[in-house]
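Have a look at the structure below before the remarks.
The values are calculated or read from the model by the stated rules, or taken from the named source; none is laboratory data. Keep in mind that what you see is a predicted model, and the values were worked out from it rather than measured. Here Cβ is always computed from backbone atoms with ideal geometry, including for glycine, and neighbour counts include all displayed protein chains.
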Amino acid sequence: MLYGYGRVSRSRQETALQDDAFAAAGVTEVVREKWSSVGARPGLHRLISQLKPGDCLVVWKLDRMGRSLLDLLGLLQQITAAGSDFASLTEAIDTRTPVGRLVFSILGAVAEFERSIIRERSIAGQVAAINRGVKIGRPKSLTDEQEKIVLDMWREGHSMKSLSRHFGVHMTAIRRVVYRVTNPDHPWLQPKRPVIGKYLE
């Protein structure tokens, strides 16, 4: 079945132009929304969740559905995971055709490239901050002095649960203090950003 999704960004705008294109393409059931591209778009997500194998979601233009290339690819992956197809009337993209599937794969490659650029920029920003002396990550729950006290009390027989209540911190913070001495190879104590390491050498 062909499902159309029409969206305009302002309440005073109408979807008539999109509706005409849907009618010409043979789409009879259309979900319409009036949200900006950064809005929640509940109608779109509800429509995608109801798609079944053999269905096809049709939009007038790609920007009517996705707020960015990464967002668009995420939605397209949900559609294909349901065994359904996707078509954009303006861009002439239709995953029911070989050319449409080729375009879809190209979009996926471009999105992956965009993700890698964002990732590299994020790493570069973190490395620059570390080199300036900025500590990355959440601040420690306990001071160095408190950690020494925690370790002494634990050795005296206090349970981790009681120490957690006493210092007003999550028991994970207590476990980390104890594991540094009793189990230094524990996964919790391993570096959380192995990717950054090679940039700091």
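Here ALA23 meets each of (1) among the aliphatic types (A, V, I, L, M); (2) at pLDDT 90 or above; (3) crowded, with 17+ Cβ neighbours inside 10 Å with one exception, condition (3). Residues of the range 140-177 that are of a type in the set (Asp, Glu) and more than 37 Å from the chain's Cα centre (by Cα): GLU145, ASP152, GLU156. Of the residues making up the range 56-77, just one is touching a strand residue (DSSP E or B) at 6+ places or on another chain (Cβ under 6 Å) and part of a loop (DSSP other than H, G, I, E, B), namely MET65. Inside the range 136-167, residues that are in contact with a helix residue (DSSP H, G or I) (Cβ under 9 Å, 6 or more places away or on another chain), loosely packed, with under 15 Cβ neighbours inside 10 Å and under 30 Å from SER122 (Cβ atoms) make up a count of 2. Within the range 78-102, restricting attention to residues that are assigned to a helix (DSSP H, G or I) and in contact (Cβ under 8 Å) with a residue 12 or more places away in the chain, the residue that is farthest from the chain's Cα centre (by Cα) is GLY100.
The condition of being surrounded by fewer than 16 Cβ atoms within 10 Å (Cβ to Cβ) and in contact with a Phe, Trp or Tyr (Cβ under 6 Å, 6 or more places away or on another chain) holds for only one of GLU14, GLU29, that being GLU29.
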